[in-house]
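K.L.:
Would you mind keeping the following structure in view while I ask a few things?
The values are calculated or read from the model by the stated rules, or taken from the named source; none is laboratory data. Worth saying up front: this structure is predicted, and the values here are computed from it rather than measured. Cβ placement follows ideal geometry from the backbone for every residue including glycine, while neighbour counts extend to all protein chains displayed. Ligands, DNA and RNA are stripped out before the accessible areas are found, and what is left, the full protein with its side chains, is counted by its heavy atoms. Shrake-Rupley method; radii C 1.70, N 1.55, O 1.52, S 1.80 Å.
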Number of protein chains: 2
Amino acid sequence: MKNGLPLAIDVVEAPASKIDAVDFENLVFGNVFTDHMMMCDYEDGEWQTPRIQPYGPIQLEPSAKVFHYGQAIFEGMKAFKDDEDQVWLFRPEANIDRFNRSSVRLAIPEFPKEVFLEGLETLLNLDRDWIKQGFGSSLYIRPFVIATEPGVSASPSKNYKFMIICSPAKAYYSGEVRVVFAEQFSRAANGGVGFAKAAGNYGAQFYPTNLAKQEGFQQIVWTDASTHEYLEEAGTMNIFFRVGDKLLTAPISDRILDGITRKSVIALAEEFKVPVEVRRVTVKEIVEAAEKGELKEMFGAGTAATINPIKGFGYQGKRYELPEQENSYASFFKTKLMEIQYNKAEDKFGWRYLVKEK
Amino acid sequence: MKNGLPLAIDVVEAPASKIDAVDFENLVFGNVFTDHMMMCDYEDGEWQTPRIQPYGPIQLEPSAKVFHYGQAIFEGMKAFKDDEDQVWLFRPEANIDRFNRSSVRLAIPEFPKEVFLEGLETLLNLDRDWIKQGFGSSLYIRPFVIATEPGVSASPSKNYKFMIICSPAKAYYSGEVRVVFAEQFSRAANGGVGFAKAAGNYGAQFYPTNLAKQEGFQQIVWTDASTHEYLEEAGTMNIFFRVGDKLLTAPISDRILDGITRKSVIALAEEFKVPVEVRRVTVKEIVEAAEKGELKEMFGAGTAATINPIKGFGYQGKRYELPEQENSYASFFKTKLMEIQYNKAEDKFGWRYLVKEK
Ligand SMILES: Cc1ncc(COP(=O)(O)O)c(C=O)c1O
Ligand SMILES: Cc1ncc(COP(=O)(O)O)c(C=O)c1O
């Protein structure tokens with residue numbers, strides 16, 4: 001940052017808001033963006049003055065490295081509005097820390113945490129009206145950084161663009177979700193970038209996911225690439241299994257994203273004395289548990305859906321349906337998390353972060 | 001394509017050439033681009049009319065999927081000029097086929113082969129003056145396709161932009177190259193996208209390569225992610241080992257790029273009765289061969305450098321230097337390949353492709 005003034009943000013307000021044209025009852029996830037965006041360029045070896053400006057297109061050279069070498073990472077977080085019109089973030093520092101861990105792995109310079117948070121708060125205050133009250137409504141926040149240096153030699157970019165864009169979201173309902181356990185394709189290698197929110201991790205999943213969809217599954221639960229014996233995570237969610245009354249989930253590794261929803265569920269499980277085991281989970285034990293009727297639930301955990309119940313799974317051509325669950329762990333944890341996010345319950349862990357009005 | 005007229009290309013010529021401002025004696029790889037570029041948009045489920053227009057920046061929404069999900073692939077090929085000013089490509093159909101295999105894996109619509117080639121030839125004819133005569137001079141050609149649909153939901157883009165940009169290149173000399181065998185980091189997973197020229201494969205290598213550079217190695221030779229026991233390929237080259245008089249190289253797989261230079265070297269080796277074994281090559285056998293003095297050569301094979309001799313390697317903290325080689329395989333194959341590329345030798349295999357003047 002120039003002049004040692006990291007918190008000086010140039011703000012150019014949009015002349016008029018687009019908000020009246022938006023149908024908040026019929027939002028499609030991630031399609032509509034708010035009036036403003038945050039931007040900061042990395043040049044000459046340092047992050048320049050951050051700017052907030054009207055949302056709009058950006059111009060790049062066709063040889064910009066992001067297009068050729070996928071040197072890009074992102075984050076996904078949400079802002080919530082409570083009944084008093086206060087705006088809250090959920091564990092934002094965990095997102096910022098992960099953003100910078102992803103950056104390091106992709107050879108991208110880290111972004112200063114205070115500037116990230118200060119810029120985000122300024123942006124949220126400008127676009128406050130886009131955050132609607134009501135359980136399930138939220139503002140999805142997408143920070144990302146892309147390599148902008150022109151030139152097609154395969155080496156790290158010298159220039160980068162950091163951005164934050166925001167999209168209003170309503171309660172997430174993805175229909176009934178059935179998953180297939182990966183037997184052939186993989187998401188991440190040992191010693192690779194699976195733990196990072198690297199752009200390339202996502203595009204690489206589209207083709208196998210399309211194949212899964214043709215078989216009637218909405219998502220893939222990835223297994224380890226070496227043996228396909230261990231269940232790891234889904235495309236944008238960590239996965240939990242309930243066997244009997246026990247909750248199981250894979251440990252994080254260099255292949256698995258350290259999900260913030262995941263670790264919040266684990267903390268809540270401990271608080272509420274739900275037995276939880278963080279350990280390698282084999283395909284075999286889950287298939288056997290399903291066959292014996294001991295697999296009570298499966299659910300995904302991630303920022304977009306919070307908790308996403310899974311109705312069934314496929315493996316080696318067989319299909320397994322999970323029973324309807326009266327008092328499901330999925331809805332228990334979803335409610336607990338949302339009560340904290342929407343300022344409707346005590347925040348024992350200090351996860352809630354108030355966006356102060358300025 | 002509209003109107004069933006795939007070969008109708010809209011051409012807008014640059015009002016003036018930038019060529020006089022270019023110092024062809026001091027080209028840095030991939031930094032300068034020619035006067036024109038080819039472009040074609042995928043919209044409404046089909047490729048639209050291809051265009052050739054002056055080289056210049058492109059505009060995208062900040063939410064364009066390429067930035068977030070790395071849905072992007074590319075190719076790398078070269079054009080050569082012979083002493084009669086004829087322009088040649090080297091096995092272009094192999095590049096186009098691989099381009100489309102990469103696209104399929106990234107859930108990107110394939111690009112019609114005839115339009116690719118027709119567009120490329122038109123572009124090369126417009127920018128003919130940028131291709132200089134002389135052994136080693138060439139025009140580096142970078143076709144690529146990026147996902148342009150705005151929206152941050154993690155799903156395949158509906159819109160894409162296909163482009164070809166070109167950069168003049170002089171004889172490639174990268175200095176003395178020493179490599180390190182990967183012991184911890186990996187490039188590709190079984191069942192992943194390693195065989196594709198997916199953008200994300202490259203950005204993921206920058207950080208481990210930076211670490212290798214700090215240890216005095218220019219490149220990493222990747223090993224299989226499961227065991228790190230098998231030598232696979234380098235960042236942008238396939239790797240050959242000469243043990244005694246035998247040439248060894250790894251078979252292609254879903255982790256390894258099916259390099260065109262690699263398969264040309266194998267074909268030439270067979271023609272010239274150089275014993276060549278395409279099989280899994282262990283780290284152990286190469287280290288042992290080096291210790292016994294039987295490892296005569298290592299070299300990389302790829303479009304950018306053609307053949308890149310390797311002077312030494314590191315493994316488990318030890319460094320191994322390779323002997324100077326009088327009649328090296330590396331220079332033998334490099335010469336044979338370049339003689340074909342520059343129309344200085346018979347083209348037994350039909351690899352040369354004449355770009356017809358129009
Ligand atoms: C691969 C992957 N796993 C898991 C998650 C869930 O992480 P979080 O709970 O932090 O949103 C995400 C989404 O962020 C993801 O992209
Ligand atoms: C990963 C990788 N391996 C090998 C190669 C060499 O392939 P080719 O000889 O077709 O250029 C390249 C470059 O294209 C590459 O990117």
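K.L.:
Please give the number of the condition A:Q133 fails out of (1) away from ligand 1 (no atom under 16 Å from the Cβ); (2) polar (S, T, N, Q); (3) in contact (Cβ under 8 Å) with a residue 60 or more places away in the chain.
P.N.:
With (1) away from ligand 1 (no atom under 16 Å from the Cβ); (2) polar (S, T, N, Q); (3) in contact (Cβ under 8 Å) with a residue 60 or more places away in the chain applied to A:Q133, the lone miss is (3).
K.L.:
Sticking with this one: All but one of (1) surrounded by fewer than 24 Cβ atoms within 10 Å (Cβ to Cβ); (2) away from ligand 1 (no atom under 11 Å from the Cβ); (3) not polar (S, T, N, Q) hold for A:F195; state the number of the condition that does not hold.
P.N.:
(2)
K.L.:
Being free of Cβ contacts under 8 Å to residues at least 24 places away in the same chain and either in the same structural domain as A:N95 (by TED's automatic domain parsing) or open to solvent by 40 Å² or more (accessible area, probe 1.4 Å) (or both) is the filter here; which residues of segment A:264-290 pass it? Full working, then the answer.
P.N.:
First, the residues of segment A:264-290 that are free of Cβ contacts under 8 Å to residues at least 24 places away in the same chain: A:266, A:270, A:273, A:288.
A:E270, A:K273, A:E288 - these are the residues of segment A:264-290 that are free of Cβ contacts under 8 Å to residues at least 24 places away in the same chain and either in the same structural domain as A:N95 (by TED's automatic domain parsing) or open to solvent by 40 Å² or more (accessible area, probe 1.4 Å) (or both).
K.L.:
Among what's in segment B:66-120 and is small (G, A, S) and open to solvent by 10 Å² or more (accessible area, probe 1.4 Å), pick the residue that is farthest from the chain's Cα centre (by Cα).
P.N.:
Here the residue is B:A107.
K.L.:
Within segment A:237-263, work out how many residues are part of a loop (DSSP other than H, G, I, E, B), of a type in the set (V, I, T) and open to solvent by 20 Å² or more (accessible area, probe 1.4 Å).
P.N.:
Going through segment A:237-263 one residue at a time, the tally reaches 1.
K.L.:
How many residues are in contact with a Pro (Cβ under 7 Å, 6 or more places away or on another chain) and either within 16 Å of ligand 1 (Cβ to nearest atom) or away from chain A (no Cβ under 14 Å) (or both) if we restrict to segment B:89-115?
P.N.:
3
K.L.:
Give segment B:207-236 a look and list any residue that's aromatic (F, W, Y) and open to solvent by less than 10 Å² (accessible area, probe 1.4 Å), or say none. Write out each step before concluding.
P.N.:
Step one: list which residues in segment B:207-236 are aromatic (F, W, Y), which gives B:207, B:217, B:222, B:230.
Residue satisfying the conditions is B:W222 alone.
K.L.:
Out of curiosity, is B:V145 touching a residue at least 40 places away in the same chain (Cβ under 8 Å), open to solvent by less than 10 Å² (accessible area, probe 1.4 Å) and assigned to a loop (DSSP other than H, G, I, E, B)?
P.N.:
Answer is no for this residue.
K.L.:
Something else about it: Hey, can you tell me all the residues within segment A:161-192 that are within 16 Å of ligand 1 (Cβ to nearest atom) and of a type in the set (D, E, K, R)?
P.N.:
If the condition is that a residue be within 16 Å of ligand 1 (Cβ to nearest atom) and of a type in the set (D, E, K, R), then A:R187 is the only one that fits.
K.L.:
Which is aliphatic (A, V, I, L, M) and over 24 Å from A:K197 (Cβ atoms), of A:A8, A:A79, A:A64?
P.N.:
A:A8
So that you can scan it fast, the table gives a plain yes or no per residue for (1) out of contact with any helix residue (DSSP H, G or I) (no Cβ under 6 Å at 6 or more places or on another chain); (2) on the phi < 0 side of the Ramachandran plot; (3) in the same structural domain as B:T261 (by TED's automatic domain parsing):
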site	(1), (2), (3)
B:F99	yes, yes, no
B:V104	yes, yes, no
B:I108	yes, yes, no
B:F116	no, yes, no
B:L120	yes, yes, no
B:G134	yes, no, no
B:Y140	yes, yes, no
B:T148	yes, yes, no
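K.L.:
I need the full set of residues from segment B:154-189 which are within 8 Å of chain A (Cβ to nearest Cβ), farther than 18 Å from B:V221 by Cβ and not in a strand (DSSP E or B), in order please.
P.N.:
Looking only at segment B:154-189, we keep the residues that are within 8 Å of chain A (Cβ to nearest Cβ), and these are B:154-156, B:163, B:165, B:167, B:182, B:184-189.
Those still in the list that are farther than 18 Å from B:V221 by Cβ too: B:154-156, B:163, B:165, B:167.
B:A154, B:S155, B:P156, listed by residue number.
K.L.:
Another question about this same structure. Out of the residues in segment A:308-358 that are within 23 Å of the chain's Cα centre (by Cα), within 23 Å of A:G235 (Cα to Cα) and among the charged types (D, E, K, R), state the one that is surrounded by the fewest Cβ atoms within 10 Å (Cβ to Cβ).
P.N.:
Filtering segment A:308-358 for residues that are within 23 Å of the chain's Cα centre (by Cα), within 23 Å of A:G235 (Cα to Cα) and among the charged types (D, E, K, R), the one surrounded by the fewest Cβ atoms within 10 Å (Cβ to Cβ) comes out as A:K311.
K.L.:
Let me ask another. Go through (1) more than 8 Å from chain B (Cβ to nearest Cβ); (2) in a strand (DSSP E or B); (3) over 30 Å from A:F241 (Cβ atoms) for A:T122 and report which single condition fails.
P.N.:
Just one mismatch for A:T122, condition (2).
K.L.:
Then there is this: Test A:I73 against the stated conditions and say whether it is touching a Lys or Arg at 6+ places or on another chain (Cβ under 8 Å), among the β-branched types (V, I, T) and outside any helix (DSSP H, G or I).
P.N.:
yes
K.L.:
State whether the residues of segment A:322-330 include one that is out of contact with any Lys or Arg (no Cβ under 9 Å at 6 or more places or on another chain) and at pLDDT 95 or above.
P.N.:
No, there is no match, as no residue in segment A:322-330 is out of contact with any Lys or Arg (no Cβ under 9 Å at 6 or more places or on another chain) and at pLDDT 95 or above.
K.L.:
Something else now. Among the residues of segment A:200-229, write down those that are more than 11 Å from chain B (Cβ to nearest Cβ) and over 22 Å from the mean Cα position of the chain (by Cα).
P.N.:
A:Q214, A:E215, A:G216, A:E229
K.L.:
Looking only at segment A:82-106, count every residue that is of a type in the set (D, E, K, R) and within 22 Å of B:N210 (Cα to Cα) and tell me the total.
P.N.:
Of the residues in segment A:82-106, 4 are of a type in the set (D, E, K, R) and within 22 Å of B:N210 (Cα to Cα).
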